[in-house]
Every structure is written in C-alpha cells, then in structure tokens.
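Q: Sharing a structure with you now.
The values are calculated or read from the model by the stated rules, or taken from the named source; none is laboratory data. Since we're looking at a predicted model, the values are computed, not measured. Methodologically, a virtual Cβ is constructed for each residue, glycine included, from the backbone with ideal geometry; neighbour enumeration extends over all protein chains shown. With ligands, DNA and RNA removed, areas are computed over all heavy atoms of the protein, side chains included. Shrake-Rupley method; radii C 1.70, N 1.55, O 1.52, S 1.80 Å.
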Amino acid sequence: MMKKILLLYILAFTTVAVYSKGDQLLYKRADVPIKDRVEDLLKRMTLEEKIMQLDQRTYGDNDNVNNIEQNKREVSPLIGSLIYRSTSPVMKNKIQHRAMTETRLGIPILCGFDVIHGYRTIFPIPLAQSCSWNLKLVEESCRISAREAYLTGIDWTFSPMVDIARDSRWGRVAEGYGEDTYANTMYALASINGYQGEDMKDDYRIAACLKHYIGYSLSEGGRDYQYTDISSQTLWEILMPPFEAGIKHGAATVMSAFNDISGVPASANHYTLTEVLKDRWGFDGPVVSDWGAIGQLKAQGVAKDRKEAGMKALMAGVDIDMMDNIYVDYLKSLVEEGTIPVQRIDDAVRRVLRLKFRLGLFDKPYTPELPESTCYLQPSDRQIAYELAAESMVLLKNKKKILPLNNKNIRIALIGPMVSDSLHIMGSWFGKGMTKDVVSIVEGIKKEFANKAEIKYAKGCEFEGDNRTGFEAAETVARESDVIVLCLGEKKNWSGENGSRSSLSLPPIQEELMHLISQTGKPVVLVLSAGRPLELVRIHGLADAIVMMWQPGVEGGTALASILSGKSNPSGRLSISFPLTTNQQPVHYNRRQSSRPKMGLYQDIQKEPLYSFGYGLSYTDYKYGDLKISSERIKKEEKLVAEVEVDNVGVREGKETVFWYVTDPVSSISRPMKELKFFEKRVVKSGSKEVFRFEVIPERDLYFVNAQGEKIVESGEFQISVCDKKIKFEVIE
Ligand code: GLC
C-alpha cells in the first residue's frame, strides 16, 4: 500500500513539475494539452466566474472611444461571450485587454456574430447558394467570410443554418439550403470547412455553429416561432442528418432553437440536447440558446418564471444563455439551494473553455488592427461572389431560346423596382454589407452591354402599394425597345427571421406591371429576386424567359448581366420546389407515395409543382446515356458503381450537375418515392461526353433511419435513378 501511495506522489509531483514552467500557470501554457488546461483553469474558478462564462450579451454599434467607459459598465470583462456588432478590431481589443488584464484569471471573451452569407463581401443568400451545387465555391465563400469577420475581431459565426424547410411561407427558408436532407448535409460540411478550416487556431478561421437545433423550420403554417409537430420518424429521417454529420465533421458549436418540439421546446429538450447531441454523438462543444429562447420557455408554458426556465434549459443541455441574463441571475441560487448540481455548471463551463482553447484565444486573444482596405471586399473575394452568384441563378424558362441577348445593337428596356436596387438584392442577414458595395442590376447590365446594346430604364412601380404613375413611362420604354428585362421581386425583410408571408405571390402592383408590359407584344425576360420560391401561376405564362436570381449579394448585377449576355452559361438547379400556387405546398420532391398514386391531388390545379427540385435550364443541351451498374446484385458489405454518360450536344460548354437518387420500393417502413444520395457538378465541353459515377455504399446510401434513430439496411430491390433513367439492383444478405 505504502508503495502505491509513494508512486502516486511521485507521479503527481512529476506532472506538476513537468507542467509548471517558471511561474506561468498551467492553463496559460500553450504547450499543455487542452484538456489539462481546461481542468487546471476550471479548478481555479469561483462559482460566479463560472456562471459569467455562460452569459452572452451584445456589444457594438458604438465604437466612439469616449464611450468606452460607458461600455465598461455594459460589458463585464468577466463575460464569456458577446454578439460583437461593432466593426472595429480596435474596440474588440480594448474590451479583450480588460478581460485579459483586469480580471483574476484572464479568460478571453469569445465574440460571435451572424455571418450568414458574408460579413462585408455579401454572397448570395444560402438558399441561392444551394442552387449552385458547387460545394467548393460555397466553402470558399465561407472562408472569405471567416477572414473578414476574423479581421474585425469575431471568432464565431452563428452559421450554417441547416433547417430543412418545406413551406416557403416561412421566411427563413432563405437562410437554409433547400428542401433536401442530403443537400443540407453537404452544404453544412462545406460551410464548416470554410469557416473552421483544418484547425480553428489558424489565422482567419472562426468557429461554426449548426442551427437551429432542431426542427424550427417545421413551424405550423410557415409562421415563425410556432409549435412544431415532429414525429420521431421525421426527426431522425429528415432533420437530424445534417446536424449529426456536422457534429462528426467537427462543428464547434450548436444553437438551440425557438420552437416547441411536439410539446418539449428545443431549448428545454434533454432528449435532443443531451441524450442525442452530447451522449450519443459525443458533442463536446457548447450549445448556445437562440436569442431569448430560455426566457421564452415561459411563453411556451413549460416554465412558471425565468428562474424555472433557466433551470430547465441548463439541465436539458443549453450551456450559454444568449441575451436572457437568466443564468447570471439565477444559477448561483439554483446551485446553492441544491436544485442544480455544480457538476452541470462545470460541464457547461468546460465546453466554453474548450472552445476558447481550441480557437487559440488564450494564446492569441487580440485581433490584428489592419487598414479596412486590406480586410474587406478584396478583388479576388468579389470574384468569388460573382461566380457563386452566377452559378446560383436558375434559368427557369427560355422560350425560343430568346436568351442570351447577344444580337448586335439590341435595344433593351430595363423595367421594375429591382432594377436600381442595391439593398434588397443582398437579402436578409446581410451582415455588415453596404449598399455602396453592391453592383445593382442596372449597373451590371450597363457595364456588360456597353457598346453592344442600347439600354433604356423605367422603374414602373414600387415593390408594393397602388401607385401606377410609373406605368406609362414603363410602357413607352418597352414599346421603344426590342426586348424587355422586367426585374421584380421581394424586399429583403419579406423573408428571413420573422419574415413569414401568407402567400408566395408578388404584390399585385408588380403582377399588374407584368401584365401591362406583356401587352406590348415585346419579348419579356422576367428576372426575379426573392428569398423564397414565388407563386408565379398568373405571370409565368406571360414571360418568354424567366431567371431566378434570388438575392445574389454584392455582385448580383454583374452576375445577372453575365447570364443575360451569355458570358455565363446558367448552371443553377433548384434546391427547392416552386409550387404552382402557395396552397399546393408541401410539394417537395421526396414525398412518400400516396396510397392511390394517381388520385387525391387537388382537382383545380396541375399535379406537379411549377418547377421541381433539380430543375434548371442551360444555354446548351445535354443528352444522358443509359445507366450502367457494376453488378445487379451485391451483399450489404459490398459496393456498387453506377455510371452515366452525359453528352453535351449543344453549341457551348456548360457545367452540368448530375443528381443520383435512390429508391427503396419495398421496406419495413414506407420510404420516399426517391431520395438524393449524391450529386456532382462538372464542366462538359460542347461536343464532348463526360462519365459521371456514383459509388453506392449500402451502409451510407441505402439505409433508412427508424423512429429510434437506428440506421437499417435491408436486403431487397433498390433502384438508382438519374434524370429520367432508372436501373434496378438487389442487395442480398
Ligand atoms: C436570432 C436568430 C438566430 C441568430 C440569433 C443571433 O433570433 O434566430 O438565427 O443567430 O438571433 O442574432
């Protein structure tokens, strides 16, 4: 026994000796493993200091140094994190300096911000990006966004949002990556790569945040913040995969959502937050509540007061309290009265400290203070914004190949409220984007068509209202031109948070302008800018061509002009279905089969959506060969290679996205009619063929998730489909 005790002493002494270099405290040493730094720091912290690490407030919009004293009162140097709204790295460093030097332990403050589709270089909204099917460009846009945010003093973005939305009345459909689970998963991984890179400690990298965990997008009626009735099957089959994949890919943080998940709100849901996220998936970072989501538990009827809300949120698994001030108000008393074990506080604090160490904040707490001109809107960044915008736009109609507009000296009438807009074109959550940075449609077209076309412009009408005084001028300009480019759309706040609308229609005044212009008999190219699919039932037939430009960001005008001129060959494909009418929803592609497939649909409108998931036209034409597979029968542990030849039979090079779907026609539970399992976008030169391949791995591509979250691969028949081609194969035990 004595021998053992002696050994332990030697071990303990050696450990301390090894680590205590000079007088530097162990947790301050960059050469010490993070887990040891966390434990060393944690044991030094008081309960008050621990609780402060779980608090998050906003700071910013006021970088007047004379007010720093005021902000001293507003921002405690002990606070764990801020939503940093200032654009000043100098201000951030002043706040950080106080945290590092005026507090007992010198714990750096973590600064977060909503860098959703760019910080100052604003890229297309995520819904638009998801129509590009270019994962590399999306990753690149996140890398650039991270760099610009990092140079401002931000260490953490509340992005990517991977809420799968199927009711486009919900305004936040703009912020996700469309209606498909696999697509959202792949874009989530691309975003995490872009933000976090190989190591978050590296310069210009920031922590990602998967949100909103979970099910927020299924708000009743598409009305934001409402109850969400989520079956276990939907939870596991549709909603969980992007989060599970993101966590396993190293996403640093998660945000708990506002919605009530079938009676247990997401921010008080121990099953999703702890049993699944932390215990089953092993997530060891912090969960931050959405803004006020803890206090809102009272409104949702599961907490009698703020104190109970705080207790429920913390015990369910929410680690950081965003903006409620509940944790700082009540956790101490909750611990002292024995309602909350201090171990749960320690667990939450460990997660926060672990994140700060992983970001390198203890070793590099300050932000380089560089000239603004070197931080934002670099030419190479604008080039990526342009490329991503061009690849996100979707050509929905092109009757008689009226596009591209490349006839010499063509007379173009630019009409509509979007033409000269430089604000709404950036969409919701446009970070610190500025209208002066934006290339509007008119600017882009004038530049692209300089010396090639005569451009005339008339606004026609406002976004909404009933002022028709601009109609006459618009009609005159239309009649004097060879082609009309009519630019209609939504204001940026008609989508995004709290941007739910009862109808996907454009305002009547805009539809009226469309009807007026179409009566001139001139060809009409309809350009649409919106944060959601639009209801086009009354106007799509009036247009000869339709381009969905979404909300494309700072290079929106340049990108649209390049599509219209033919400089860019449109390659966007819809990541979300366009219903013919609002009421046709839900109309997503991967629905389950009806018990009477040809019956029960609406009698008064067409069966299919106006434009389906995966739809989009090009200026060239592709011909798909027959599908081939490496074997008609495989065992569960074997792989199967499917391939298809794509022939560019058109006149110009294009980028084609091949979508690979799997169908499981007979299974122990019903399955969607088809599910996207892989996609690949590649250049196909005119007159040449490209072979696209999909390596089917049963445990990855053929499983279904049951209501308990178990992944099951059953033997039996499966189908692979690409375009209109289908091929069967069998999986055997
Ligand atoms: C908002 C949003 C969330 C955002 C947070 C911080 O309410 O729901 O997506 O990250 O607050 O701004």
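Q: Quick check: is even one residue across region 398-412 surrounded by fewer than 24 Cβ atoms within 10 Å (Cβ to Cβ), within 21 Å of Val173 (Cβ to Cβ) and in contact with a helix residue (DSSP H, G or I) (Cβ under 7 Å, 6 or more places away or on another chain)?
A: No; the residues of region 398-412 include none that is surrounded by fewer than 24 Cβ atoms within 10 Å (Cβ to Cβ), within 21 Å of Val173 (Cβ to Cβ) and in contact with a helix residue (DSSP H, G or I) (Cβ under 7 Å, 6 or more places away or on another chain).
Q: Among the numbered criteria (1) touching a strand residue (DSSP E or B) at 6+ places or on another chain (Cβ under 7 Å); (2) farther than 29 Å from Asp40 by Cβ; (3) more than 16 Å from the ligand (Cβ to nearest atom), which one does Leu361 miss?
A: If we test Leu361 against (1) touching a strand residue (DSSP E or B) at 6+ places or on another chain (Cβ under 7 Å); (2) farther than 29 Å from Asp40 by Cβ; (3) more than 16 Å from the ligand (Cβ to nearest atom), just (2) comes out false.
Quick grid of which residues meet (1) of a type in the set (Ser, Thr, Tyr); (2) in a strand (DSSP E or B); (3) away from the ligand (no atom under 16 Å from the Cβ); (4) on the phi > 0 side of the Ramachandran plot:
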| residue | (1), (2), (3), (4) |
| --- | --- |
| Thr274 | yes, no, yes, no |
| Val302 | no, no, yes, no |
| Ala313 | no, no, no, no |
| Val318 | no, no, no, no |
| Tyr327 | yes, no, yes, no |
| Gly338 | no, no, yes, yes |
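Q: Being open to solvent by less than 50 Å² (accessible area, probe 1.4 Å) and away from the ligand (no atom under 16 Å from the Cβ) is the filter here, so list the residues in region 206-225 that pass it.
A: The one that is open to solvent by less than 50 Å² (accessible area, probe 1.4 Å) and away from the ligand (no atom under 16 Å from the Cβ): Gly221.
Q: From Ser575, Ser500, Ser562, which residue is crowded, with 21+ Cβ neighbours inside 10 Å and not in a loop (DSSP other than H, G, I, E, B)? Full working, then the answer.
A: Working: Ser575 fails: not in a loop (DSSP other than H, G, I, E, B); Ser500 fails: not in a loop (DSSP other than H, G, I, E, B).
That would be Ser562, the only listed residue that is crowded, with 21+ Cβ neighbours inside 10 Å and not in a loop (DSSP other than H, G, I, E, B).
Q: Let me ask something additional. Does Thr228 satisfy the condition of being modelled with pLDDT of 95 or more and either buried (at least 21 other Cβ atoms within 10 Å of the Cβ) or within 15 Å of the ligand (Cβ to nearest atom) (or both)?
A: yes
Q: Within the group Glu237, Glu198, which residue is within 25 Å of Ser145 (Cα to Cα), surrounded by fewer than 24 Cβ atoms within 10 Å (Cβ to Cβ) and away from the ligand (no atom under 16 Å from the Cβ)? Steps first, please.
A: Values: Glu237 fails: within 25 Å of Ser145 (Cα to Cα).
Result: Glu198 is the single residue among Glu237, Glu198 that is within 25 Å of Ser145 (Cα to Cα), surrounded by fewer than 24 Cβ atoms within 10 Å (Cβ to Cβ) and away from the ligand (no atom under 16 Å from the Cβ).
Q: Next up: Looking for something open to solvent by 10 Å² or more (accessible area, probe 1.4 Å), more than 30 Å from Tyr216 (Cα to Cα), in contact (Cβ under 8 Å) with a residue 24 or more places away in the chain and not in a helix (DSSP H, G or I) - is there at least one such residue anywhere in region 525-548? Full working, then the answer.
A: First, the residues of region 525-548 that are open to solvent by 10 Å² or more (accessible area, probe 1.4 Å): 535, 537-538, 540-542, 544.
If we keep only those that are more than 30 Å from Tyr216 (Cα to Cα) too, we end up with 538, 540-542, 544.
Still in the list and also in contact (Cβ under 8 Å) with a residue 24 or more places away in the chain: 538, 540, 542, 544.
With not in a helix (DSSP H, G or I) added as a condition, the list becomes 538, 544.
Checking region 525-548: at least one residue is open to solvent by 10 Å² or more (accessible area, probe 1.4 Å), more than 30 Å from Tyr216 (Cα to Cα), in contact (Cβ under 8 Å) with a residue 24 or more places away in the chain and not in a helix (DSSP H, G or I).
Q: Next question, about the same structure. Output the residue which, of all residues in region 703-733 that are in contact with a Phe, Trp or Tyr (Cβ under 6 Å, 6 or more places away or on another chain) and assigned to a loop (DSSP other than H, G, I, E, B), is least open to solvent (accessible area, probe 1.4 Å).
A: Among those residues, the one meeting the criterion is Gly709.
Q: Filter region 137-161 for residues that are open to solvent by less than 10 Å² (accessible area, probe 1.4 Å) and hydroxyl-bearing (Ser, Thr, Tyr); which is farthest from the ligand (Cβ to nearest atom)?
A: Initially, region 137-161 is screened for residues open to solvent by less than 10 Å² (accessible area, probe 1.4 Å), giving 138, 141-142, 144-146, 148-149, 151-154, 156-161.
Next cut, hydroxyl-bearing (Ser, Thr, Tyr) only: 141, 145, 152, 157, 159.
Values: Ser141: 18, Ser145: 14, Thr152: 16, Thr157: 9, Ser159: 8 Å.
Here the residue is Ser141.
Q: Using the structure shown, decide if Lys436 is open to solvent by 50 Å² or more (accessible area, probe 1.4 Å) and either farther than 28 Å from Gly112 by Cα or over 26 Å from the mean Cα position of the chain (by Cα) (or both).
A: Working: open to solvent by 50 Å² or more (accessible area, probe 1.4 Å): yes; either farther than 28 Å from Gly112 by Cα or over 26 Å from the mean Cα position of the chain (by Cα) (or both): no.
No, not satisfied.
Q: Let me ask you something else. For region 572-588, what are the residues that are under 20 Å from the mean Cα position of the chain (by Cα) and not charged (D, E, K, R)? Reasoning before the result, please.
A: Our first condition is that a residue be under 20 Å from the mean Cα position of the chain (by Cα); within region 572-588, this holds for 572-578, 588.
Answer for region 572-588, where residues must be under 20 Å from the mean Cα position of the chain (by Cα) and not charged (D, E, K, R): Gly572, Leu574, Ser575, Ile576, Ser577, Phe578, His588.
Q: Taking the residues in region 361-373 that are in contact (Cβ under 8 Å) with a residue 60 or more places away in the chain and of a type in the set (Ser, Thr, Tyr) as candidates, determine which candidate is surrounded by the most Cβ atoms within 10 Å (Cβ to Cβ).
A: Thr367
Q: What are the pairs with Cβ atoms under 7 angstrom where one residue, in region 313-338, is touching a residue at least 40 places away in the same chain (Cβ under 8 Å) and of a type in the set (D, E, K, R) and the other, located anywhere, is more than 15 Å from the ligand (Cβ to nearest atom) and open to solvent by 60 Å² or more (accessible area, probe 1.4 Å)? Sequence gap at least six, or different chains.
A: From residues that are touching a residue at least 40 places away in the same chain (Cβ under 8 Å) and of a type in the set (D, E, K, R), the pairs are Lys332/Glu48.
Q: So, one more: Being within 16 Å of the ligand (Cβ to nearest atom), more than 23 Å from Ser219 (Cβ to Cβ) and touching a helix residue (DSSP H, G or I) at 6+ places or on another chain (Cβ under 8 Å): is that true of Tyr177 here?
A: no
Q: Something else: Can you tell me which residue within region 257-275, out of those that are over 16 Å from Tyr216 (Cβ atoms) and in contact (Cβ under 8 Å) with a residue 40 or more places away in the chain, is surrounded by the most Cβ atoms within 10 Å (Cβ to Cβ)?
A: Filtering first and then ranking leaves Thr274.
For every residue, the table says whether it meets (1) open to solvent by less than 50 Å² (accessible area, probe 1.4 Å); (2) of a type in the set (D, E, K, R); (3) touching a residue at least 12 places away in the same chain (Cβ under 8 Å).
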{"residue": "Lys432", "(1), (2), (3)": "yes, yes, yes"}
{"residue": "Lys446", "(1), (2), (3)": "no, yes, no"}
{"residue": "Lys452", "(1), (2), (3)": "no, yes, yes"}
{"residue": "Gly460", "(1), (2), (3)": "yes, no, yes"}
{"residue": "Asp482", "(1), (2), (3)": "no, yes, yes"}
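Q: A further question on this structure: Criterion first (in a helix (DSSP H, G or I) and open to solvent by less than 10 Å² (accessible area, probe 1.4 Å)) does Ala251 satisfy it?
A: On the way: in a helix (DSSP H, G or I): no; open to solvent by less than 10 Å² (accessible area, probe 1.4 Å): yes.
Criteria not met by Ala251.
A quick yes/no check of all residues on (1) of a type outside the set (Ser, Thr, Tyr); (2) away from the ligand (no atom under 14 Å from the Cβ); (3) open to solvent by 10 Å² or more (accessible area, probe 1.4 Å); (4) in contact with a helix residue (DSSP H, G or I) (Cβ under 8 Å, 6 or more places away or on another chain):
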residue: Leu82; (1), (2), (3), (4): yes, no, no, yes
residue: Pro89; (1), (2), (3), (4): yes, yes, yes, no
residue: Lys94; (1), (2), (3), (4): yes, yes, yes, yes
residue: Met100; (1), (2), (3), (4): yes, yes, yes, no
residue: Leu105; (1), (2), (3), (4): yes, yes, yes, yes
residue: Phe113; (1), (2), (3), (4): yes, no, yes, yes
residue: Thr121; (1), (2), (3), (4): no, yes, no, yes
